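Working notes for the structure below.
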Amino acid sequence: MNEQFLHYLWKHKLFNKSQIFTTDGLPVEIISVGEHNHNAGPDFFNGRIKIDGTEWAGSIEIHLKSTDWFKHGHDKDSAYNNVILHVVAHNDGPVITSNNISIPTIELNLDSKLTSNYQTLINSKKWVPCEDYYAQIDPLLRNMWNETLLIQRLLRKSKIVQSLLAESNNDFDEVFFKLLCSNMGFKTNKQPFEQLARSINLRIIRSIGNNFKSLEALLFGIAGFLQSPADEYQKTLATEYLHLSNRFGLQTMDPVIWKFARMRPVNFPTIRLAHLAHILSRSTSFTDNLKKAIQIQDVRNLFDAHVSEYWQTHYTFGKPAKKSRKNFGTSSIDNIIINSIFPFLFEVAKYYDDNETEKKVFRWMEALPPEINHITKQWQLLGAENTSAYDSQALIELYNEYCIQQKCLNCRLGGYIIREK
C-alpha cells in the first residue's frame, strides 16, 4: 500500500460513496474529489464536500495514516490551512492546521480486489508488471492507449525542439540542423556530433554553398580530423579548413572524443561526416523541403546521402580500403525520420497551427516500418501489434515511461487490470 494508490482510488472514486462518515461519525457526501495536484501543496485542489449537510470547498489531503500529517509537517505549513478533508487508510489520531483548526477525517473502506490487483502489479518481477495480463486486454483499449502514448512521446521530444528554438531566435532550419547532427552520431557518437553542431551554424554552411569539398573541409576540420594530414586529399582539406577557420574564427574539437571501437567501419564517424557533407551540399532549406514532401519516400530522398570519391575507397584518412559506395542506408534514414523529423515537424505544426502538417506526421508514421529492437520484440511476444513506426514508438514510450518506472497507476492498461482483473 502507498499514497499513490490512495490518490488513484480517490481520483477515480473507487470507493463506497454512499456510506461515508467522518471519524467523529458525521455523514459525508462527496460532491467533487477535486483536481489532482502533482506539485507542492495539498494532494487535491478545489474539492467540494458536504459534512452533516454543510457544504465545504477547498483542498483535500491524503495519507496512509492520520499521523503522517504531522510527520510531513503539515501542522506547521499554512499552505494546508484550507484543507477541508483528510482522507486516510488508517486513522490513528486527529489532526490540526497551523492555525489550530481541526480537520475532519474519513477512513477509506478499501476494496480488497482492487488492493490485491494493485499489489500483484507492483510486486511483479516480470519483464513488465502486466506481462501475464497484456494479451487479455481489449485490443481496442490497447490501440486507444497507443495513440495517447504516441502523442505523449511527440510532445516530450518536441520540448527539445522548443528549447533549441529559444536558443536560435526561432530559426527552424538551424534547429533542424542541430537535431540532424545529434542523430547522425546515433548513440555512440551523439555527444561529439552535438558539439560539432554547436561549433558552427547554417550561416557559415550557406556561405560555402554546395561546394562539396569545402563542406568536407569544414566538417572534418572542426571535428579535429585534419591536424596531421596523412595523404594528399587530407592535406587539401586541411589547407581549405585553414582558410575557413581564419575567415570565420572556427574552434577545432579534440579528435579523441570520436569513437571508432567496436563499430562497423561503415558507421565510423568519418563516414557519417561525409554523409552529412553531402546532405548539406544539396539543400539547407530543411523546413520548406519537409513541409513540401508528400510521401514518406519523398522524405527518404531528401536524406539519401552518398560519399565523395575519396570516401568510396576509405573509412579513415590515409588508409585505403576496397571500393564501396557507402550510401546512407534506409534504416539509418528511417532512424533520422523517427527521432529527428517527426518531433521537429510536430513542433512546426503546433507553432504555425498547421493541421495538415500534423496529420502528415501521423500518416508518415503509419507508412514507416516499425523499429525492431529488444523492447518491441518483447512486446510482440506478449501479443502487441508492431506493424509500423506508429506502433513501435508507442510501445517504446509505454515501456520506458511507464513499465520500468512502475507507473501502473498512470497507465490506462494498468488501470484496467486493477479494476477489471
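The values are calculated or read from the model by the stated rules, or taken from the named source; none is laboratory data. Note that the structure is a prediction, hence the values are computed from the model and not measured. Here Cβ is always computed from backbone atoms with ideal geometry, including for glycine, and neighbour counts include all displayed protein chains. To get the accessible areas, we keep the full protein, side chains included, count just its heavy atoms, and leave off ligands, DNA and RNA. Shrake-Rupley method; radii C 1.70, N 1.55, O 1.52, S 1.80 Å.
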| task | Sort out for me the Cα centre separation of the range 216-267 from the range 122-188, rounded to whole Å. | result | 34 Å
| said: Against the empirical 2.2 N^0.38 Å scaling, what ratio does the C-alpha Rg of the range 222-309 come to? | reply: 1.32
| message | A 29 angstrom limit on the alpha carbon distance is what I want to check against. Which of Lys190/Lys213; Lys187/Lys323; Lys157/Lys407; Lys291/Lys322 exceed it? | response | Lys291/Lys322
| note | Rounded to the nearest Å, the spacing of the alpha-carbon centers of the range 383-421 and the range 283-319 is 35 Å
| note | With all protein chains present, the chain has a carbon and sulfur share of its accessible area (1.4 Å probe) in percent of 48 percent
| message | How charged is the neighbourhood of Lys187? Take every other residue with its Cβ under 15 Å from the Cβ of Lys187, and add Lys/Arg as +1 and Asp/Glu as -1. | response | +3
| request: Choose one of Ile101, Thr22, Ala349: the residue whose Cα lies farthest towards the positive end of the charge dipole of the chain (beta-carbon charges +1 Lys, Arg; -1 Asp, Glu; about the Cα centre). | output: Ala349
| remark: The answer for the net charge of residues other than Ile296 whose Cβ lies under 14 angstrom from its Cβ, with Lys and Arg +1 and Asp and Glu -1, is +1
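Quick check for me: using +1 on Lys/Arg Cβ and -1 on Asp/Glu Cβ, what's the dipole size of the range 130-237 about its Cα centre, in debye to the nearest 20?
Dipole of the range 130-237, to the nearest 20 debye: 260 debye.
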| task | Hey, can you find the accessible area per residue of the chain for me, probe 1.4 Å, expressed in square angstrom? | result | 48 Å²
| field | Filtered trypsin sites (Lys or Arg not before Pro), the range 256-339: DSSP coil and at most 10 other beta carbons within 10 Å | value | Arg262, Lys322, Lys323, Arg325
| task | Note down the net charge around Asn386, summing +1 for each Lys or Arg and -1 for each Asp or Glu among other residues with Cβ under 9 Å from its Cβ. | result | -2
| What shape does the range 62-206 have by the C-alpha gyration tensor, where a ≥ b ≥ c are the square roots of the eigenvalues, rounded means a/c under 1.5, and otherwise prolate means a/b greater than b/c and oblate the rest? | oblate
| field | Count of Lys pairs (Cα-Cα under 23 Å; at least 8 positions apart or interchain) in the range 11-105 | value | 8
| remark: Gyration tensor on Cα atoms of the chain, a ≥ b ≥ c root eigenvalues, a/c under 1.5 rounded, else prolate if a/b beats b/c, else oblate, says prolate
